[in-house]
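Only the coordinates and a few stated rules stand behind these numbers; no lab work does. Nothing here was measured: the structure is a model prediction, and the numbers come from that model. FYI the Cβ positions are ideal-geometry reconstructions off the backbone, even for glycines, and counts take in every protein chain you see.
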Amino acid sequence: MINTLPRIQMAHLPTAIEFAHRLTEHLNGPRIYIKRDDQTGLALGGNKTRKLEFLTADALAHGARTLITAGALQSNHCRQTAAAAARNGLACILVLAGQPPDTASGNLLLDGLLGAKITWCSRETREQTLQDTFDRASADGLYPYLIPYGGSNAIGAAGYAMAIGELMEQGIESNAVVPDRIVFASSSGGTQAGLVAGGQIFGYTGKILGISVDENAQDLKERVADLASATGELLGVQCPFVPADILVNDDYLGGGYGVMGGLEIESIRLFASLEGILLDPVYTGRAAAGMIDLVRKKVIAPDETVLFWHTGGAPALFADAYRGEF
Ligand SMILES: *Cc1c(COP(=O)(O)O)cnc(C)c1O
């Protein structure tokens, strides 16, 4: 038995699992399935919605009236947080790192539409600005609740522990075929930590491979191990993890966060043209690039069954920053 945490139902669950038969054929490799968490249903969806079901519930349990979080200019996490706030009658303040553009596009456009207030800062001052914003909101009687970057604390990660329970129950094509390996984009680490904790809780024994989006493997493994341990503890199960338990590949960092290279563009085109599925320039494009390269190198063996966990992000395709790239 695991602890039941307060949760507000917002996501459309279970998300579908689809067999990517044309991509599988094209790569002449493992059977590739796609878990459609890009279709979680909250304001164009994505992986943050599962986390926000728990984080928003915790905010309301604490009497909050304002959600505050931070991210990059095209943050999917911020867009979904703004939507969760709107839906629950809460205000939302987003601290975004960057220069306010003349016209908003992609996720930023949606942040405004969803009613979020935006505070701009530089990358260096983001932590301080976030704290100042929180303190001012407290002083102003806005009852703020701070959601960490990417919604990645134990409460948020619990959403992905439960997602493994969903996967095990769902089975692929309801035949109870369980993938040998799950591949996805890993950044602030909450998704991976939740999957790892959930793997232990629900008895998933396959590989859980995070493709790092912006950080070296050792640092990300450490953060994910700590967070997975904390998530297990929150759910009431003893499962301490160490970095060596965590699978991270950081071979695909390329030009850094949000910078698309040739392999990402090819992967985004392949998913679109073979499967009619939209990836994103920052996260899933990079994860798919990694997966496809590992399949071509046979690091992912041709006889495996692979589940590509699609974490969303397509609104960034419409960001001015990527205009003309596709
Ligand atoms: C936030 C995000 C991720 C990374 O998830 P983390 O839990 O931060 O590691 C992956 N894909 C998309 C589209 C995201 O928005």
* To do: Treating the angle as unsigned and between 0 and 90°, give the value, to the nearest 10°, between the Cα long axis of helix 48-61 and the longest Cα principal axis of the chain.
  => 30
* Calculated from DSSP H runs of 4 or more alone, at -39500 (n - 2.57) each and per residue, what is the 222 nm mean residue ellipticity of the chain, nearest 500? -> -12000 deg cm²/dmol
* Structure fact -> Taking only the alpha-carbon atoms of segment 123-265, the convex hull volume per residue, in cubic angstrom, is 152
* Structure fact -> Of the convex hull drawn through the C-alpha atoms of the chain, the volume per residue in Å³ is 123
* Asked: Suppose R0 equals 25 Å; then what is the FRET efficiency for Arg123 and Asn216 from their Cβ-Cβ distance, rounded to the nearest 0.05?
  -> 0.90
* To do: Determine the principal axes of the Cα atoms in segment 239-305, then give the extent along each, sorted from largest to smallest and rounded to whole angstroms.
  => 41, 32, 22
* To do: Just rank Cys78, Cys239, Cys92, fewest to most, by other beta-carbon atoms within 10 angstrom.
  => Cys239, Cys92, Cys78
* Structure fact -> With x for Gly and Pro, the residue-by-residue ³J(HN,Hα) of segment 219-236, computed from phi through the Karplus equation 6.51 cos²θ - 1.76 cosθ + 1.60 at θ = phi - 60° and given in whole Hz, is 4, 5, 4, 5, 5, 5, 4, 4, 5, 5, 5, 5, 5, x, 4, 4, 7, x
* Structure fact -> Plugging the Cβ-Cβ distance of Ser138 and Ala16 into 1/(1 + (r/R0)^6) at R0 = 56 Å yields, to the nearest 0.05, a FRET efficiency of 0.85
* Structure fact -> Relative to the chain, whose Cα atoms define the longest principal axis, helix 76-87 and its Cα axis are tilted in degrees, nearest 10, by 60
* Give the angle, between 0 and 90 degrees and rounded to the nearest 10, that separates the Cα long axis of helix 126-139 from the longest principal axis of the Cα atoms of the chain. => 40
* Set the Förster radius R0 to 30 Å, insert the Cβ-Cβ distance between Asn3 and Thr205 as r into 1/(1 + (r/R0)^6), and round the FRET efficiency to 0.05. => 0.85
* Out of Gly71, Gly261, Gly171, any idea which swings most in a Gaussian network model of the chain, alpha carbons joined below 10 Å? -> Gly171
* **Choice from Val177, Val295, Val95 showing the highest fluctuation, given a GNM over the chain with Cα pairs closer than 10 Å** => Val177
* In nm, what is the difference between 0.36 nm times the number of residues separating Arg87 and Glu325 and their Cα-Cα distance? -> 82.3 nm
* Structure fact -> Given all pairs of distinct Cα atoms, segment 20-139 yields a Kirkwood Rh in Å of 15.8
* To do: Rounded to whole Hz and in sequence order, give me ³J(HN,Hα) for segment 300-309 from the Karplus expression 6.51 cos²θ - 1.76 cosθ + 1.60, θ = phi - 60°, writing x for Gly and Pro.
  => 8, 6, x, 8, 7, 10, 10, 10, 8, 8
* Compute the separation of the alpha-carbon centres of segment 238-304 and segment 124-185 and state it in Å as a whole number. => 20
* Karplus couplings for segment 277-287 from phi (6.51 cos²θ - 1.76 cosθ + 1.60, θ = phi - 60°), rounded to Hz, Gly and Pro as x? -> 10, 8, 8, 10, x, 9, 10, 5, x, 6, 5
* Asked: Gln99 to Val177: extension gain in nm, 0.36 nm per residue of separation minus the Cα-Cα distance?
  -> 23.4 nm
* **segment 7-157 - share of DSSP beta bridges that are antiparallel (%, nearest 5)** => 15
* Residues in segment 15-50, backbone N under 19 Å from the label point at Arg269 (7 Å along the Cα-to-beta-carbon vector): list them, ranges by number please. => 22-28
* Structure fact -> For the chain, percent of DSSP beta bridges that are antiparallel (nearest 5) comes out at 10
* Asked: By per-residue mean of other Cβ atoms within 10 Å, what is the highest-first order of 180-190, 301-311, 266-276, 124-134?
  -> 180-190, 301-311, 266-276, 124-134
* Structure fact -> Which of Gly254, Gly203, Gly141 fluctuates most in a GNM of the chain (C-alpha springs under 10 Å)? That residue is Gly141
* Asked: Given the pairs Lys51/Lys298; Lys207/Lys298; Lys51/Lys297; Lys48/Lys117; Lys117/Lys221; Lys48/Lys297, which span a C-alpha to C-alpha distance of over 22 angstrom in this model?
  -> Lys51/Lys298; Lys51/Lys297; Lys117/Lys221; Lys48/Lys297
